[in-house]
Amino acid sequence: MAKFFGTNGIRGVFSEDFTLEFVHDMTLAIGTYFERGPILIGYDGRESSPIICKVVSSALNSIGIDCNVAGIVPTPCLEFGVKSLGYSGGIMITASHNPSQYNGIKPAAKDGVEISRDDELIIEDIYFKKNWITNPSKWGTTGTEERTIETYLNGILSHIDSSLIESKKFRVVLDLGNGAQAVSAPDFCKKLQCETFLVNQSIDGNFPGRGSEPTPQNLSTLSQTVLEKKADVGIAFDGDGDRSIFCDDKGNILTGDKSALLLTQHILKKNPNSLVVTCLNSGSNIENISEKFNSKVLRTKVGSVEVSRKMVPTNALIGFEENGGFMYGKHNQVRDGCMTLGLMLDLLATSGKSLSDEISLLPPSFTTKDKVSCPSEKVDELISSLKGEFPNSDTADGIKISDDPKNWVMIRPSGTEPIVRVYAEAESQEKLDSLMTEYLEKVKTIISR
């Protein structure tokens, strides 16, 4: 099991457990894994990101590897740039949706997709053994990469009906969350001739607007702006711009599951007999929708790496997570907030219906999630205690306790924070509320022992 890599890259509190010395040595290990350059480096808007970038680039240069810096870009923009512009790999400096005191690094392979779990272990082995490149025949150099954002946006535009979307003159609210999509999503909407209204548009690593993670609880400004501006759709991005949460024309915030169901249905109508990959904690309606289009669903452990790296060998068309991470295989097998926005605009332009009407046509689903603080040393005791009480449960990733496919609770430790997450689905809102109340209390009781 990886020691430093969590659910999504390496993260820590900057200058505490994520120091510049650690970044330097880990970059030597990552560079040794890549073997050769050039490597593309990008970063989010956190205050520590530019100095970390300098350490990353100089560490790569010290072992003879050339690199180019793209500057502030969304994670999916960096990943698409690696794939499209001929790089040997990429390093994204970000802690995604974590609070402002965190930062992190996330390597991308040559194919523009996050490295696999096996490759994470290879990098950690190099790190622990200090088995990195020594005495290179030449020093590497650091340059700049100016093409990344334009390449990224043109890639997205190639997968949607731009002319049809332009003709609709959509009104769109972008809650940029003081994050990295501020450098790309507004330009994307401008290219599609949308009338765009911006919320939290200034890049600020302290995330003063609403925090770095979009949740139904902190998107009231997005909802109000959609109603005030009579917008067709609103969207909120996380800190590094790979995840997105939608708001419909009536101001309702959609769960990641709901928007994923809608987009999957839209894509499968045009591409039946396809493969969809999602995590164990996503709702059960995805199987029902996929079956209508002779398509199959594969389930993975929680984490975008798990989904992405299952999509690549299976050539899956769609991947998603319940947290708003959506992946369109024809573009790149990674979470991409701006690609997801493009697909939603394509859906609305094609259907001619409002987003709220489209949502009303989906089969009803009742899902929710919450989190409970949990020291890492308590995690094993928690899962073991629940497994003892529910011996027939699925323990592939934490523990999933099911009555049937429509009624279940899943509890798993976060791979990025000292918390456990509790997910649930039920056949009615009443049962869902009851399940969550029961299991949140159960989890807190076990942790407090």
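Coordinate-derived values only; no laboratory data. For clarity, every value in this text was computed on a predicted model and none was experimentally measured. Methodologically, a virtual Cβ is constructed for each residue, glycine included, from the backbone with ideal geometry; neighbour enumeration extends over all protein chains shown.
How large is the charge dipole for region 5-147, taken about the Cα centre, if only the Cβ atoms of Lys, Arg (+1) and Asp, Glu (-1) carry charge, to the nearest 20 debye?
That gives a dipole near 280 debye.
Using a/c under 1.5 as the rounded threshold, could you call the chain rounded, prolate or oblate? The axes a ≥ b ≥ c are square roots of the C-alpha gyration tensor eigenvalues, and prolate needs a/b larger than b/c, oblate otherwise.
Oblate is the answer for the chain, as a/c is 1.5 or above yet b/c matches or exceeds a/b.
Would you mind counting up the charge near Pro216? Only other residues with Cβ under 13 Å from its Cβ, with Lys and Arg at +1 and Asp and Glu at -1.
Once positives and negatives cancel, what remains is -3.
Taking the alpha-carbon distance from Lys110 and a cut-off under 15 Å, which aspartates and glutamates remain once sequence neighbours fewer than 8 residues away in the same chain are dropped?
Glu35, Asp66, Glu79, Asp119, Glu120
Please tell me the relative contact order of region 366-447 in percent, rounded to the nearest whole number, where contacts are Cα pairs under 8 Å and at least six residues apart.
36
Fully extended, how many nm does the chain gain between Lys269 and Glu150 (0.36 nm per residue separation, minus their Cα-Cα distance)?
Taking Lys269 through Glu150 to full extension adds about 39.9 nm, to one decimal.
With an 8 Å Cα cut-off and a minimum separation of 6 or more residues, compute the relative contact order for region 159-360 in percent.
Value for region 159-360: 20 percent.
What is the distance in Å between the Cα centroid of region 87-156 and that of region 389-449?
34
Taking a ≥ b ≥ c as the square roots of the eigenvalues of the Cα gyration tensor of region 58-101, is the shape rounded (a/c under 1.5), prolate (a/b larger than b/c) or oblate?
oblate
May I ask which of Lys387/Lys431; Lys3/Lys330; Lys330/Lys431; Lys106/Lys296 have a Cα-Cα span longer than 28 Å here?
Correct reply: Lys3/Lys330; Lys330/Lys431; Lys106/Lys296.
So for region 100-247: antiparallel DSSP bridges make up what percent, rounded to the nearest 5?
If we restrict to bridges inside region 100-247, about 35 percent are antiparallel.
May I ask for the net charge around Thr437, where only other residues with Cβ less than 12 Å from the Cβ of Thr437 are counted and Lys, Arg are +1 while Asp, Glu are -1?
-2
Sorted from fewest to most neighbouring beta carbons within 10 Å, what does the list Asp17, Asp336, Asp249 look like?
Going from least to most buried by this count: Asp17, Asp249, Asp336.
Under the rule a/c < 1.5 gives rounded, and otherwise a/b versus b/c splits prolate from oblate, where does region 5-147 land using the Cα gyration tensor?
Rounded, because the longest to shortest axis ratio a/c is under 1.5.
What number, in percent, do you get for the relative contact order of the chain if the mean sequence gap of Cα pairs under 8 Å and at least 6 apart is divided by its residue count?
Relative contact order, the chain: 13 percent.
DSSP loop trypsin sites (Lys or Arg not before Pro) in region 189-284 with at most 16 other Cβ atoms within 10 Å of their Cβ, which ones?
Sparse-neighbourhood loop trypsin sites (Lys or Arg not before Pro): Lys229, Lys230, Lys250.
Among the aspartates and glutamates, which fall within straight-line cross-link reach of Lys406, defined as a Cα-Cα distance under 18 Å, with same-chain neighbours fewer than 8 residues apart omitted?
Partners within reach: Asp257, Glu287, Glu291, Glu321, Glu322, Asp394, Glu425, Glu427, Glu430, Asp433, Glu438.
Out of the DSSP beta bridges found with both residues in the chain, what percent are antiparallel (nearest 5)?
55
Can you give the % of DSSP beta bridges in region 159-360 that are antiparallel, to the nearest 5?
35
Between Ser402 and Ser376, 0.36 nm times their residue separation minus their Cα-Cα distance comes to what?
Full extension of this stretch gives 6.9 nm more.
Check the chain for me: any Cys whose beta-carbon has no other cysteine beta-carbon within less than 4.7 Å?
Here Cys53, Cys67, Cys77, Cys247, Cys279, Cys338, Cys374 come out as lacking a disulfide-compatible partner, given the Cβ-Cβ threshold of under 4.7 Å.
Per the helix-only calculation at 222 nm, which mean residue ellipticity applies to the chain, given -39500 (n - 2.57) for every DSSP H run of n ≥ 4 and division by its residues, nearest 500 deg cm²/dmol?
The helix-only estimate for the chain comes to -12000 deg cm²/dmol at 222 nm.
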